[in-house]
Amino acid sequence: MQDIRIEGVGKINGGDYGVIRIDGAGECAGDVIAQTIKIDGKYKCQGVTKAELIDCDGMATFNGNVQVKTLRVDGLCKINSGSVEAEEVDCDGSMTVSGQISADTLLADGLIDAKEIVGDRVVIKSRISKLARLFIKHLSTADLIEATTIELEGVTARTVNGSDVTIGPGCRIETLDCSGRLFIHKDSTVKIVTGDYTLIDP
């Protein structure tokens with residue numbers, strides 16, 4: 001199982017690798033299986049990606065499904081035509097997924113934009129500087145967020161389903177269904193609330 005490092009501009013074929021490290025600009029033409037993919041530069045993959053760890057500090061584009069144990073994003077990560085399946089997603093940067101993010105745990109202090117987010121624990125707290133807000137039209141968005149425990153700040157969602165749900169400031173939720181403890185911050189908007197829940201006072 002070989003390792004690959006790209007420091008300038010390079011291409012790799014699909015296959016089974018140990019460590020793939022991108023410090024320059026790299027492109028992969030096929031499906032990839034790797035222990036670790038470390039991206040400090042710019043990386044684009046045209047196929048399916050399977051890995052133990054993907055660590056993205058640079059810019060990454062995946063044009064296929066991503067199956068990973070741990071996904072860390074401090075830079076910019078886009079999954080243009082696929083979904084993400086992971087045990088853990090940790091995003092302090094920006095992550096855009098055309099399909100579903102399915103993760104046991106999702107922790108985000110950055111921006112998440114996905115069609116669906118499903119897991120056991122989902123925590124999204126979109127925190128960006130006032131300067132960045134001048135260039136970003138919206139914070140984190142999703143059509144559906146479904147998990148046992150949900151904590152949101154600065155999130156726009158069509159539907160939120162959970163057992164214990166905390167809606168912090170800056171959220172816009174169309175429909176929320178909760179079966180346990182529910183908190184809604186006064187600076188957030190939730191249009192419809194359903195379920196057998198216990199409302200927690202601020």
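A compact table of results
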{"quantity": "Of all residues making up the range 157-202, the number that are aliphatic (A, V, I, L, M) and touching a His at 6+ places or on another chain (Cβ under 8 Å)", "calculated": "1"}
{"quantity": "Subset of the range 9-19 (residues that are at pLDDT below 90 and of a type outside the set (S, T, N, Q))", "calculated": "Gly14"}
{"quantity": "Test for Val89: is it part of a strand (DSSP E or B), over 22 Å from Asp143 (Cβ atoms) and not basic (Lys, Arg)", "calculated": "no"}
{"quantity": "Any hit, the range 63-86, residues being acidic (Asp, Glu), more than 24 Å from Arg5 (Cβ to Cβ) and within 14 Å of the chain's Cα centre (by Cα)", "calculated": "yes"}
{"quantity": "Conditions (1) free of Cβ contacts under 8 Å to residues at least 24 places away in the same chain; (2) buried (at least 19 other Cβ atoms within 10 Å of the Cβ); number of the one not met by Gly154", "calculated": "(1)"}
{"quantity": "Criterion (more than 20 Å from Ala147 (Cβ to Cβ), assigned to a strand (DSSP E or B), of a type in the set (S, T, N, Q) and free of Cβ contacts under 8 Å to residues at least 24 places away in the same chain) met by exactly one of Thr105, Thr96, Thr61, Thr70", "calculated": "Thr61"}
{"quantity": "Qualifying position, being open to solvent by 10 Å² or more (accessible area, probe 1.4 Å), hydroxyl-bearing (Ser, Thr, Tyr) and under 22 Å from Lys11 (Cα atoms), among Ser94, Ser81", "calculated": "Ser81"}
{"quantity": "In the range 5-18, residue least open to solvent (accessible area, probe 1.4 Å) [restricted to those that are of a type in the set (A, V, I, L, M, F, W, C) and either farther than 18 Å from Gly75 by Cβ or in contact with a Pro (Cβ under 9 Å, 6 or more places away or on another chain) (or both)]", "calculated": "Ile12"}
{"quantity": "Subset of the range 184-195 (residues that are surrounded by fewer than 17 Cβ atoms within 10 Å (Cβ to Cβ) and in a strand (DSSP E or B))", "calculated": "Thr189, Lys191, Ile192, Thr194"}
{"quantity": "Given (1) surrounded by fewer than 16 Cβ atoms within 10 Å (Cβ to Cβ); (2) in contact (Cβ under 8 Å) with a residue 24 or more places away in the chain, index of the condition Gln2 fails", "calculated": "(2)"}
{"quantity": "Of all residues making up the range 22-41, the number that are surrounded by 19 or more Cβ atoms within 10 Å (Cβ to Cβ) and not β-branched (Val, Ile, Thr)", "calculated": "5"}
{"quantity": "Residue that is nearest to Glu85 (Cα to Cα) [pool: residues in the range 99-151 that are open to solvent by 50 Å² or more (accessible area, probe 1.4 Å), modelled with pLDDT under 95 and not charged (D, E, K, R)]", "calculated": "His138"}
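The values are calculated or read from the model by the stated rules, or taken from the named source; none is laboratory data. Everything numeric in this text was worked out from a predicted model, so none of it was measured. Note: ideal-geometry Cβ built from the backbone for every residue, glycine included; neighbour counts use all protein chains shown. Each accessible area value is taken on the protein alone, full model and side chains, heavy atoms only, with ligands, DNA and RNA left out. Shrake-Rupley method; radii C 1.70, N 1.55, O 1.52, S 1.80 Å.
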